[in-house]
Every structure is written in C-alpha cells, then in structure tokens.
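Here is the structure we will look at, set down as structure tokens.
The values are calculated or read from the model by the stated rules, or taken from the named source; none is laboratory data. The structure displayed is predicted, hence computed values, not measured ones. Positions of Cβ are backbone-derived with ideal geometry, glycine not excepted, and every protein chain shown enters the neighbour counts.
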C-alpha cells in the first residue's frame, strides 16, 4: 500500500521532537452496497476511503493526526502534527528496523466480492423480497440490503513492527413490516461473515427473508410483555449480546484502569456460577469479529476472560499493556484511520454447558423465553445494562407459550453472572453485530448456549 | 478549504455530466481538534482534517450513488464513473429526480464564528483541564473523572446539481464534556455534563461541571422500586431523545413506505391539546440550525403537530414528488449517503410552568433523569417502547429518593395523548431536537 521506506521515514519524522513511541496506521477501504425497499432496487452505492492515522506517545500523552494524503510529504505533515501534540519528551528515541510479520488470516476468502457482477448482487435482493412477501399476505413492506467491504490495513511502529491485513466482510439483512388488527409489527434477520460472496453458498437469502417475515408475523399475535422481575431463559445464539454488554465491556482494561468498571480488582475472584466460562476470540474462523491482526498490528488471540466462574484476565490494547509491562491481548481496534485505537471485543461468547435445553425450559415454571435479542447498552461503572428483546415468548408451566411484544430487559452484570442457574449443551453463535464505544463502531460477534438467569427485570406494560 | 473552493469542485463534477443525465455533487471538508485530559495530564490530542465527496447520478429514471474520502481529481472521476455504473442496476422509478431551485430564500444565520480560529491549542487544553478540576472539586463523593474533553470543528460544504442548485455553507462548533464517577461505600454511580457553542467564549465550564457532579451524586443510594403505574416527568435531555424518535415517524419516507404509525392520521388529534411540535432549522438558537437542507434547498419552519392535531409530514424532493406535494426542505444526509428525510431542529412549543411547579403538582411519580437502551427498546414502526431508566421519586409534590434499574414502557401513540404538561424550560442540545420538561401520565414502571 505504501513503500516501506516512506513508512520508516514517517516514523522518524514523528519521533523528532521527543516522542517515545510512534505508529503509522494506513487504511484503504472499499465498500459496496445495494438496497431494495418498497419493491424496488432503490440504490447501489460504492465507497472508497484511504488515509493514514499517526500517533506519537510521550509518557501518558498521545498525539494523533490523520490525513487522506498518502504522499511522503502528506504523511510527514501529519507526523509533525501528531508530534507537536505530544511534545516535551526526553528525546533520543530511534525507530527500530522494521521487520514484517504477518499473522495468519482466521479463514480464507474464496470469492472476492469485487469480482462478482453487480447484477448478481442485485438478484439476491429480488429473491429476498419475493420470499418475504410470500410468507404471508400480512407482510406489507420489505427491505433487503446487501453489503460488502474490503479493508486493507498496514501498521508500523517505532518498535520495529510492520504488519498488514486484508479484511473482507460480506453481509445480508432483511427487514419486514406486517400489518394486522393490532397494528404494525417488524421482523429482522441478518447474516454476515468475514468472507466473500461464498456467504451465499451457506445461506439462502429466501430462507433469511422468511425468518424475518415470520418474526414480524408472529408478533402480530403477541401480547404485551409482562413487567417486573422473573426468570429469563435465553435461546442458543440469541443471548451473546447479553454477555457482551453485561460483562464484556467491564473487562476492557482501559475502563478498568479508570475505575470505570465494576470488575476492577476482581481478577482471581469468583464472579460467576462455576459452570460459566467466557471467552473473547479474534481468531474464530468465519465469525464476524475475526481478523488476522488488530489495528495496532498485534495478531488476534483467543482470550479466556472468565474460567469456571473465576475472572482470569481483562482485554488489553498496546498502550494499556505497555503501562502494565505486559503484552497486548490483540484487542486494540479502531473504526478507521481517523480514530485512535482502544480496547475492543472481537467474538465474545459463553462456552457450552451440559444440560439438555428442553429440560431448562421445562424446569421454568413462569418466565420469559428470549429467542433473539436486539441491541443493548451498559454502564460499566455500575454494571447496569439494558437490551431489547426482538423475539420473545412467555414461559408458562414449563412450556414456551404465546409471543410477547417488544420490550427491554434490564439487569446488572455481576448479578446476572452469579444468577446463571443453568447452561445448555446447544452452543450457537448469534447475528453479526456492530459494537459502539466512545463514538466508534467495530464489527463483533457473540454466542451462547441456552441458559437461564434466575431473575431479570422485564420492561413491559402488562401487570 | 472554504465553501467557494468546495463549490468549484462540485461544479466541476456536475460539468462532466452527459446528455440525459442528472448529476448532484456534495462536497464536504472539516477540521477538528479533540483534547482529552485525565488526572491533570493530556491523555490524547487529535488534530484532523477530512474531506469527501458524494455523487448521485440519475439516468433513465434510475439512481446510482458513490462516495469517496478524498478530493483528488482521479478519485472524483472514478467516483462519478462508479455512480454512473451503479445507476444501471437500480429499478426505474418515475419519481427519481434532482430538486430544482424552488425560489425560497435561505434564512440568514450566523453559524460561523471566527473567534474559534484564533483559539490556540494551549487554551483548548486548559479548558479541558479546568473542567476536570471543576468536576473533582464539585463534591467530596466525586472519586474520578473518566474523561474530560474539549472538541471543536470547522465544517464547510457545497452542493451543485445539473438542475441549477448551488448551495454552500459553513459553520463552527465546539464543546466541553465530562464523565464523572461518584462513590459512597461500595457503590459507584456515573454522570455527565456538557456545554456547546459556536465559539469557546460561549462555553460554560461551570454548568458542564455542575451537571456532571449532580447527575452522578444524586443517584447514590438508588434502589430498585416495585413495579407500578405512575406519572413521569421527563428531564429535558430525555424528552429530546423521545422527540427524535417521534420525529422519525413523521418522515414522508416512513409514511410512503408504510412504516409510519401516523400514516393515515393527518388532521387527527394524535396528541394532547398542549402539544405543538415544530421542526425549525431556521431558528438560530438551535445548535443544528442550517440555512440549506441536504439537497441544497432553503430550510424552512415546518409545524408538524399543532394543538395536538397532526398537520404535516416532512419531505425531501423524492418523497414530496411521490406524495403529490413538494419538498419541505427536510433532506438530511452526509456526503457518504443519498438524502433521507428527517427533522433538523425539532422542538415542542414550551408551556408556561417551570419544572419545579410541574413536580409540585404530582402526588406519586418519577422524575426520569436518564434513559438507556432507547434505540433497542423503541420500535418506531409499531410504536411500542420500553426503556431502561433512572431518576428520583416524586412524593407529594417533592423530589424524594433515587431509583435505578427500572424501565418505563408505553406506546408512542399513548404517550403523546397522555402528555399532561409541557414545561417552560426549553433548552437546545447538541442533537437535532430540543429538550423541555414533559409530564406524561399513566406510564408503566417496571422494577422489582
């Protein structure tokens, strides 16, 4: 993407005014998407961005500048801007010789999306529209989106690191509106993998469309969600976002260091039921949050965060790890070259349990079964979280009963971890997600087996 | 880059148009500084310049779009070629078409303040440090400031089309914001505060610090109450978030595509009589004020709900044309997307009573000071909503103990009809809707 000598020269320029550490992050991103809505292919869109972000560190201070000008002069200008923001260091730091080390990709990409004809991508949309509308006459509106992206990055730093990655992602989503006597309801389904167009060898868009349509149709018959505290059973793959929110964010070392996590000072302590093992794994082949290297050039890792209920470690980026005299855990990520990296999750999941999921439901007298969760949010300092139930049912006398309308679930991370009473043996990954933190979005995956939490608060309107 | 330079680039692209082709070019440029301090030191200081272009091509009633994050000539040409190629694969739609100048004069707004340009980096750092110190000094229970930031931006944009639109704009903005941590015993609570302006002289560090201190400390000792049906008073910041969602249901696009719960309700009483909702980007008080919309038409004042009656939907040129009316100057977009339809500066017309008086009239209620998970908990199509919340109990007209881990739920339809009062405390916020205290009866609060 950029000549190695130019990269080395830029790093030297960045260290000229006394910086202790310098880094160049170069990104070239192409994306394409096609949207069908209201029965028409409304728009095909293509995007191209490229640029470099440069940071210089002195003590606890980071200076950062970015530019879309990738010429030697443009990079030098950005390097000086970053350096001037972080001046006052002792100086004398040299750039170590760059040695290129590329980590293995988590999986192969077979069919680069850019080699696929636009007409072929558009054809998927029409099929999804047709299948969704055929699912029931109550389906009144369908929108389908195809999107692919290719992000090539190069990272170099003054410690001599030089690494690159070529990240391809392909995604497809359908959303439907159904209209009945009770008003309008919506249903959504999406799939995505860090692979190319072979995504559609694995998934039939017709089936995805039917799933989205059926979610909307089911909700037409839904009754108001209950309100108050009760047991909650979460279906396989449907609840990973719960652990992403409930404890994942609280295990990010940057938040821990600022006393903004309920999990500070808890390493080595029992924080969850002994059957709970929580893992963040950026190497997971074909999963949405996977990559070869993070955005600081560190190879992705499998990190066990909670093992048999005991908190084993936090997640780390380069700066936070340097401060503690340890290695990064490969969790330093950024939305684009215009952003500073920080500690982020990859694919976060609760490992498989041993119980038959049918028994978990049967042993629940009254509660809520959540088949699919929407987005969520957490306050890491208090552990209080909230997330939406996009497909949920009442459990009555040990059986899954009628569907309930959308509502939020709330709870507290540490309390939920200790409140997990049963873990199924039916582990599955959930839908591709985008995690937001401090204004930056990055792709993440999550997963769980079926599980029951003793008590969470359901925010419905029924008594 | 100044707006004239950007317009030159946009005009150059439009000049590359072929016969039978409509072209729209949107070019943007911004310069930003962000300072974050932590424990008296600069944690990070970012200086950045970014630019981009979005090109829309309409030919044979089909539309294509492409965007790029650089303004190099070869990239501009490539982007146009890509947009042109994309148009080939779209479905034909007779209502596609670029907007033509409609004769409405843009309002004269003072959104660009040169004082920002003369404000040095050291002064910016000092503001962030001052804010951090003020938060820490605000209360002995404040144990930390997770982040204290100063940020500013200088943005310019230009739009040109083959249909004769020529529009330029520029503005300055700046803010300070802090996230605080309060602790007592084992318990920790968080808060935030901010101040925004067009130039640093108008930023109020004391207000930002007080809010951050107040929001965190007032929640100490909060417990989860039992579930019940109560009257709630929404804090202005919370009201603004709800207004944003209600605004989205009044977009002409949602209406045309069968996704608005208000689609067939024009002329109906959809809200309590005290509710008048206006989208007015021509109001210079609004932080999101703008003289032109995302298609280059002059912005205008649109009254959406008057005395509780639904009066109008918002339109861009496409939805206006398709619904047999015209654009209301409500196209919203960045350079990386085609124009959507949306509110730009939405507010309720304030009532005449301050929040203290509103609270004094409530026997049993909750002052909702924060909501979370609003976007995952509201379905703007069905109207169902349920959101995590925290705040203070109201007992016999007075504020009482803090409550947390509750949800409040209703439907948007019911909520509008259940509005019992609008406060007099209208506040413009750094978002496209304004805050005001709002009293809503009969809301389900879920707790223990």
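Confirm whether residue B:186 is without any contact (Cβ under 8 Å) to a residue 60 or more places away in the chain and either surrounded by 22 or more Cβ atoms within 10 Å (Cβ to Cβ) or within 14 Å of another protein chain (Cβ to nearest Cβ) (or both). Answer is yes for this residue. For residue B:79, all conditions in the list (1) over 27 Å from residue A:149 (Cβ atoms); (2) surrounded by 22 or more Cβ atoms within 10 Å (Cβ to Cβ) hold save one; what is the number of the exception? Evaluating residue B:79 over (1) over 27 Å from residue A:149 (Cβ atoms); (2) surrounded by 22 or more Cβ atoms within 10 Å (Cβ to Cβ) leaves (1) as the failure.
Please work out if residue A:190 is surrounded by fewer than 20 Cβ atoms within 10 Å (Cβ to Cβ) and either outside any loop (DSSP other than H, G, I, E, B) or modelled with pLDDT under 95 (or both). Talk me through it step by step, then tell me what you get.
On the way: surrounded by fewer than 20 Cβ atoms within 10 Å (Cβ to Cβ): yes; either outside any loop (DSSP other than H, G, I, E, B) or modelled with pLDDT under 95 (or both): yes.
Yes: the conditions hold for residue A:190.
Scan the range B:96-107 and tell me whether some residue there is more than 8 Å from every other protein chain (Cβ to nearest Cβ) and not in a loop (DSSP other than H, G, I, E, B). Explain how you work it out, then say what you get.
In the first step, residues of the range B:96-107 are kept if they are more than 8 Å from every other protein chain (Cβ to nearest Cβ); the result is B:96-107.
After this cut, where a residue has to be not in a loop (DSSP other than H, G, I, E, B) as well, the list is none.
Checked the range B:96-107: no residue is more than 8 Å from every other protein chain (Cβ to nearest Cβ) and not in a loop (DSSP other than H, G, I, E, B).
Residues that are over 22 Å from residue A:431 (Cα atoms) and in contact (Cβ under 8 Å) with a residue 60 or more places away in the chain are absent from the range A:280-288. Hey, any hits in the range B:162-170 for a residue that's surrounded by 21 or more Cβ atoms within 10 Å (Cβ to Cβ), within 23 Å of the chain's Cα centre (by Cα) and touching a residue at least 40 places away in the same chain (Cβ under 8 Å)? The answer is yes, given that some residue of the range B:162-170 is surrounded by 21 or more Cβ atoms within 10 Å (Cβ to Cβ), within 23 Å of the chain's Cα centre (by Cα) and touching a residue at least 40 places away in the same chain (Cβ under 8 Å).
Okay, residues lined up against (1) surrounded by fewer than 24 Cβ atoms within 10 Å (Cβ to Cβ); (2) free of Cβ contacts under 8 Å to residues at least 60 places away in the same chain:
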site	(1), (2)
B:272	yes, no
B:288	yes, no
B:291	yes, no
B:300	yes, no
B:303	yes, yes
B:317	no, no
B:324	yes, yes
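Residue-wise test of (1) closer than 22 Å to residue A:216 by Cα; (2) in contact with a helix residue (DSSP H, G or I) (Cβ under 8 Å, 6 or more places away or on another chain); (3) in contact (Cβ under 8 Å) with a residue 24 or more places away in the chain.
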position	(1), (2), (3)
A:391	yes, yes, yes
A:394	yes, no, yes
A:402	yes, no, yes
A:413	no, yes, yes
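If the condition is being assigned to a loop (DSSP other than H, G, I, E, B), in contact with a helix residue (DSSP H, G or I) (Cβ under 8 Å, 6 or more places away or on another chain) and within 12 Å of chain B (Cβ to nearest Cβ), then the range A:212-262 contributes A:261, A:262.
Give the range A:328-365 a look and list any residue that's in a strand (DSSP E or B) and out of contact with any strand residue (DSSP E or B) (no Cβ under 6 Å at 6 or more places or on another chain), or say none. Write out each step before concluding.
Residues of the range A:328-365 in a strand (DSSP E or B): A:332-333, A:342-343, A:347-350, A:355.
A:332, A:342, listed by residue number.
Report the residue count in the range B:406-430 for those that are within 14 Å of another protein chain (Cβ to nearest Cβ) and not in a strand (DSSP E or B). Spell out how you get there, then give the answer.
Going residue by residue through the range B:406-430, those that are within 14 Å of another protein chain (Cβ to nearest Cβ) are B:406-415, B:418, B:430.
After this cut, where a residue has to be not in a strand (DSSP E or B) as well, the list is B:412-415, B:418, B:430.
The qualifying residues number 6.
Of all the criteria given as (1) away from chain A (no Cβ under 14 Å); (2) closer than 14 Å to residue B:209 by Cα; (3) free of Cβ contacts under 8 Å to residues at least 12 places away in the same chain, the one not satisfied by residue B:138 is (3). Just one of (1) at pLDDT 95 or above; (2) closer than 30 Å to residue A:8 by Cβ; (3) touching a strand residue (DSSP E or B) at 6+ places or on another chain (Cβ under 8 Å) fails for residue A:124. It is (2).
Would you please name the residue that is nearest to residue A:248 (Cα to Cα), looking only at residues in the range A:413-429 that are buried (at least 22 other Cβ atoms within 10 Å of the Cβ) and within 14 Å of chain B (Cβ to nearest Cβ)? Out of the qualifying residues, it is A:413. Is it the case, given these coordinates, that residue A:453 is under 18 Å from residue A:228 (Cα atoms), buried (at least 22 other Cβ atoms within 10 Å of the Cβ) and assigned by TED's automatic domain parsing to the domain that holds residue A:279? Spelling it out, residue A:453 is indeed under 18 Å from residue A:228 (Cα atoms), buried (at least 22 other Cβ atoms within 10 Å of the Cβ) and assigned by TED's automatic domain parsing to the domain that holds residue A:279. Looking across B:197, B:258, one residue alone is in contact with a strand residue (DSSP E or B) (Cβ under 9 Å, 6 or more places away or on another chain), free of Cβ contacts under 8 Å to residues at least 40 places away in the same chain and within 11 Å of chain A (Cβ to nearest Cβ). It is B:258.
I'm trying to understand the selection: among the residues of the range A:56-69, which are surrounded by 19 or more Cβ atoms within 10 Å (Cβ to Cβ) and either free of Cβ contacts under 8 Å to residues at least 60 places away in the same chain or more than 8 Å from every other protein chain (Cβ to nearest Cβ) (or both)?
From the range A:56-69, those surrounded by 19 or more Cβ atoms within 10 Å (Cβ to Cβ) are A:56-58, A:61-68; that's our starting set.
A:56, A:57, A:58, A:61, A:63, A:65, A:67, A:68, listed by residue number.
Reported count of residues in the range A:369-391, each being over 11 Å from residue A:242 (Cα atoms) and facing chain B (nearest Cβ under 7 Å), is 4.
Candidates are the residues of the range A:374-389 that are touching a helix residue (DSSP H, G or I) at 6+ places or on another chain (Cβ under 7 Å) and farther than 25 Å from residue A:256 by Cα; the one that is modelled with the highest pLDDT is A:388.
Could you please give the count of residues in the range B:431-448 that are under 30 Å from residue B:203 (Cα atoms), touching a strand residue (DSSP E or B) at 6+ places or on another chain (Cβ under 7 Å) and not in a strand (DSSP E or B)? Let's see the steps before the verdict.
Step one: of the range B:431-448, the residues under 30 Å from residue B:203 (Cα atoms) are B:431-439.
Applying the additional criterion that residues be touching a strand residue (DSSP E or B) at 6+ places or on another chain (Cβ under 7 Å) yields B:432-439.
Checking the rest, the ones that are also not in a strand (DSSP E or B) come to B:432, B:434, B:436-437.
Adding up the residues that qualify gives 4.
Of the candidates A:85, A:76, A:132, the single residue that is more than 14 Å from chain B (Cβ to nearest Cβ) and over 27 Å from residue A:346 (Cα atoms) is A:76.
Restricting to the range B:21-68, what's the tally of residues that are part of a strand (DSSP E or B), over 28 Å from residue B:126 (Cβ atoms) and more than 8 Å from chain A (Cβ to nearest Cβ)?
Going through the range B:21-68, the residues part of a strand (DSSP E or B) turn out to be B:21-38, B:41-59, B:62-68.
Filter once more, so that each one left must be over 28 Å from residue B:126 (Cβ atoms): B:21-28, B:51-59, B:62-68.
From what is left, the residues that are more than 8 Å from chain A (Cβ to nearest Cβ) are B:21-28, B:53-59, B:62.
So the count comes out to 16.
All of (1) away from chain B (no Cβ under 14 Å); (2) in a helix (DSSP H, G or I); (3) surrounded by 23 or more Cβ atoms within 10 Å (Cβ to Cβ) hold for residue A:272 with one exception: (2).
Being part of a strand (DSSP E or B), at the interface with chain B (Cβ under 10 Å from one of its Cβ atoms), touching a residue at least 12 places away in the same chain (Cβ under 8 Å) and buried (at least 23 other Cβ atoms within 10 Å of the Cβ) holds for only one residue in A:47, A:53, and it is A:53. Residue B:89 falls short on exactly one of the conditions (1) over 25 Å from residue B:281 (Cβ atoms); (2) more than 9 Å from chain A (Cβ to nearest Cβ), and that condition is (2).
Can you name every residue in the range A:15-29 that is in contact with a helix residue (DSSP H, G or I) (Cβ under 7 Å, 6 or more places away or on another chain) and more than 13 Å from residue A:96 (Cα to Cα)? So that I can check it myself, show each step before the final result.
Pass one, the range A:15-29, residues in contact with a helix residue (DSSP H, G or I) (Cβ under 7 Å, 6 or more places away or on another chain): A:16-17, A:19, A:22, A:24.
A:16, A:17, A:19, A:24 - these are the residues of the range A:15-29 that are in contact with a helix residue (DSSP H, G or I) (Cβ under 7 Å, 6 or more places away or on another chain) and more than 13 Å from residue A:96 (Cα to Cα).
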